[in-house]
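Let me begin by presenting the structure, written as structure tokens, before commenting on it.
The values are calculated or read from the model by the stated rules, or taken from the named source; none is laboratory data. This is a predicted model, so every value here is computed, not measured. Quick reminder, even Gly has a Cβ in these numbers, built from the backbone with ideal geometry, and neighbours come from all protein chains shown.
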Amino acid sequence: MNEQSSRINKLKSDSSFHKIACHISDSVKDETYEKVKQTSDFLGSIVRETIKYHLEEIRNKNDIPLTNPMDSSDIKALEDLFTYYQNAIRTTSIGLSNPISLIEEWTISFLGEQFDKGAIITIDHFLTELVKKLLTLTSSIEDSYDDLVTFQKRYVTIKNIIVDSRIASSIENLGIHKPDSLHIASAISHQASTGQKVVFVTLDFHSILDKKDLLKEQANLLCCDPLYALYHLF
Amino acid sequence: MTSSIPSTLTSDFSGNALRYGLLDIRPVEVVEIVKKCGMKFRRIVRGFESLTPEKSYADMILSQDKAILGTIDIPDRFDVEKLADIYLKRSVSIYENDAEFKKVVEEVRRKERPLLSFVRYAIDRFTSEKDTYLEVEADRFLRSNLPLSFYNKLVVCDNTYYDFLGILENIVRRHEFYATYSRNFAMYSKHMARMKADVSPIIDQMDKCCFLYSRLKKYVLIWNSSDYKQIFNPDFLDIKNLDFNEFTKVFNEYNAKLKETREFLLKYNPEFLHKAIDPEEPTANLFSKLVRLPSSSLVLER
């Protein structure tokens, strides 16, 4: 995130210093919001359905009251749970192991910190604290999203661009799928309708930036990392 | 299990409490005779009196609850009048038992406490209880099958309410400062009238938002309660107990008003939504990594 933030900060300062307009298309606006919502709901369901269910199941199996404070046996129960998912993903090759590892690190580090502090924590308390952390973060993200996107109080403005479906299809033919193809088609349509030079800025190295030469050659659209946006305009 | 016991200043009751303390007042000048060193002195003190002493806190709550219950579908197992009565009794009981809040409101009326102190009190009170509100939502989430994003929208309202108090504080501080240095009572009254004119639209806006926030919560809680005892804290909030169309309507109306209110507050403080998120904080770090993964990887099946 740090590395990404500094790249976006460079774009922000370039935009402000050189008075360069930064636009977000409706398609990007909607996708961003949906992605944040999806991530938030995903994390919530992992805490509520997966972690809670497993911890309680193991306690019941071992005849340990749910109200007893958590200890290292609960951490080992979580280790089994995460290992199960890692193995399932490895054997079926469905999905990425990344989310599991990330959530595993987050939960176990939090519990470890509580144990190090000598805190007495029940399963209920542990789960509530995780949810509180998520709600605190997601509500802050909503503030930032509204500030930047909904109310456009910073350096970007929303552009309502009618996307030509033929352009979107031609982008898909280059191997760029929806919704990225729609974002790129919006930029191409905007460039064509305004006659202004447009630089499409993204941090998506794997599905967009790796095809930047193709996009330049076949769709006449410059794509780059936010670090370099300014230099493509001059 | 955390029970939901709001104080008089939670967002459910916000506008009422602030209206009661800030708008339902009139500045007055009181002449007092004070004895000092055996001599009598006349002292003129400026304070406030209630504009509508007969209109009680209970009246305001009852009219709000009736308005809420009149705009949502209620299951046949409940009687609207009885529900309104239960809500009223609880709100009045919270108010009556909230000795600290009552004292502060009465002090404003009896001129001992300036209005700025009242707003600051509201902020301090909200700050000290903010974690409890969060805990209530977290606990409800864990005892439900509604998505986390639903609870997030409720927390956003709590946060907006907190920011609204900060905006109110700035307005009241400015007017009270000028009023304090007024040469005469007429000027003093004029400054107070200006303050009321300035804070009134903000309180009205926040009230409308809190009304829909409270309506949404009541709708979800009532439809998940099997009897009157459960209506404040049902055992489990099941999305299947809600009529999808009605829930969507109640939720969307709340969400639209929340957005409108946030935009409205931006006119008073353009920076209030501009808050930095620490990228090193573990939850933020986790989230930033997950949000960049393809949507298809954010599914877990056992």
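Output yes when any residue across region A:29-46 is away from every other protein chain (no Cβ under 11 Å), within 24 Å of the chain's Cα centre (by Cα), at pLDDT 90 or above and surrounded by 15 or more Cβ atoms within 10 Å (Cβ to Cβ), and no when none is.
Applying the first criterion (away from every other protein chain (no Cβ under 11 Å)) to region A:29-46 yields A:29-30.
The next check asks that each one be within 24 Å of the chain's Cα centre (by Cα); those that pass are A:29-30.
Then drop every residue that is not at pLDDT 90 or above, which leaves A:29-30.
Filter once more, keeping what is surrounded by 15 or more Cβ atoms within 10 Å (Cβ to Cβ): A:29.
Yes, because at least one residue in region A:29-46 is away from every other protein chain (no Cβ under 11 Å), within 24 Å of the chain's Cα centre (by Cα), at pLDDT 90 or above and surrounded by 15 or more Cβ atoms within 10 Å (Cβ to Cβ).
Taking the condition of being within 24 Å of A:Lys178 (Cα to Cα) and in a helix (DSSP H, G or I), how many residues in region A:1-42 meet it?
Here is the first cut: in region A:1-42, the residues within 24 Å of A:Lys178 (Cα to Cα) are A:4, A:8, A:22-42.
Retained after the next criterion (residues that are in a helix (DSSP H, G or I)): A:4, A:8, A:26-42.
Looking only at that region, the number is 19.
Answer yes or no as to whether B:Thr127 is surrounded by 20 or more Cβ atoms within 10 Å (Cβ to Cβ), assigned to a helix (DSSP H, G or I) and of a type outside the set (A, V, I, L, M, F, W, C). Write out each step before concluding.
Numbers: surrounded by 20 or more Cβ atoms within 10 Å (Cβ to Cβ): no; assigned to a helix (DSSP H, G or I): yes; of a type outside the set (A, V, I, L, M, F, W, C): yes.
Here the answer is no, as B:Thr127 does not meet what is asked.
In the list B:Phe236, B:Phe251, B:Phe272, which residue meets the criterion of being within 30 Å of B:Arg174 (Cβ to Cβ), within 14 Å of another protein chain (Cβ to nearest Cβ) and touching a residue at least 40 places away in the same chain (Cβ under 8 Å)?
Details: B:Phe236 fails: within 30 Å of B:Arg174 (Cβ to Cβ); B:Phe251 fails: within 30 Å of B:Arg174 (Cβ to Cβ).
Answer to the selection: B:Phe272.
Only one residue in A:Glu56, A:Glu49 is over 28 Å from B:Leu293 (Cα atoms) and either among the polar types (S, T, N, Q) or in the same structural domain as A:Trp106 (by TED's automatic domain parsing) (or both). Which one? Don't jump to the end; show me each part of the working.
Details: A:Glu49 fails: over 28 Å from B:Leu293 (Cα atoms).
Answer to the selection: A:Glu56.
Out of the residues in region B:137-177 that are more than 10 Å from chain A (Cβ to nearest Cβ) and either under 12 Å from the mean Cα position of the chain (by Cα) or closer than 30 Å to B:Ser225 by Cα (or both), which is surrounded by the fewest Cβ atoms within 10 Å (Cβ to Cβ)? Spell out how you get there, then give the answer.
Here is the first cut: in region B:137-177, the ones more than 10 Å from chain A (Cβ to nearest Cβ) are B:161-162, B:164-177.
Within this subset, residues satisfying the condition of being either under 12 Å from the mean Cα position of the chain (by Cα) or closer than 30 Å to B:Ser225 by Cα (or both) are B:161-162, B:164-165.
Working: B:Tyr161: 24, B:Tyr162: 17, B:Phe164: 28, B:Leu165: 21.
Looking at residues that are more than 10 Å from chain A (Cβ to nearest Cβ) and either under 12 Å from the mean Cα position of the chain (by Cα) or closer than 30 Å to B:Ser225 by Cα (or both), I get B:Tyr162.
Among the residues of region A:83-105, is any loosely packed, with under 15 Cβ neighbours inside 10 Å, in a loop (DSSP other than H, G, I, E, B) and at positive phi?
Checking region A:83-105: at least one residue is loosely packed, with under 15 Cβ neighbours inside 10 Å, in a loop (DSSP other than H, G, I, E, B) and at positive phi.
Only residues that are closer than 27 Å to A:Leu221 by Cα, polar (S, T, N, Q), within 14 Å of chain B (Cβ to nearest Cβ) and out of contact with any strand residue (DSSP E or B) (no Cβ under 8 Å at 6 or more places or on another chain): list them for region A:128-183, please.
If the condition is that a residue be closer than 27 Å to A:Leu221 by Cα, polar (S, T, N, Q), within 14 Å of chain B (Cβ to nearest Cβ) and out of contact with any strand residue (DSSP E or B) (no Cβ under 8 Å at 6 or more places or on another chain), then A:Thr150 is the only one that fits.
Of B:Ser214, B:Ser225, which residue is at pLDDT below 95 and of a type in the set (Ser, Thr, Tyr)? Full working, then the answer.
On the way: B:Ser225 fails: at pLDDT below 95.
None of the other options fit; the residue is B:Ser214.
For A:Lys178, state whether it is more than 21 Å from the chain's Cα centre (by Cα) and of a type in the set (D, E, K, R).
Details: more than 21 Å from the chain's Cα centre (by Cα): no; of a type in the set (D, E, K, R): yes.
Taking the combined requirement at face value, the residue does not satisfy it.
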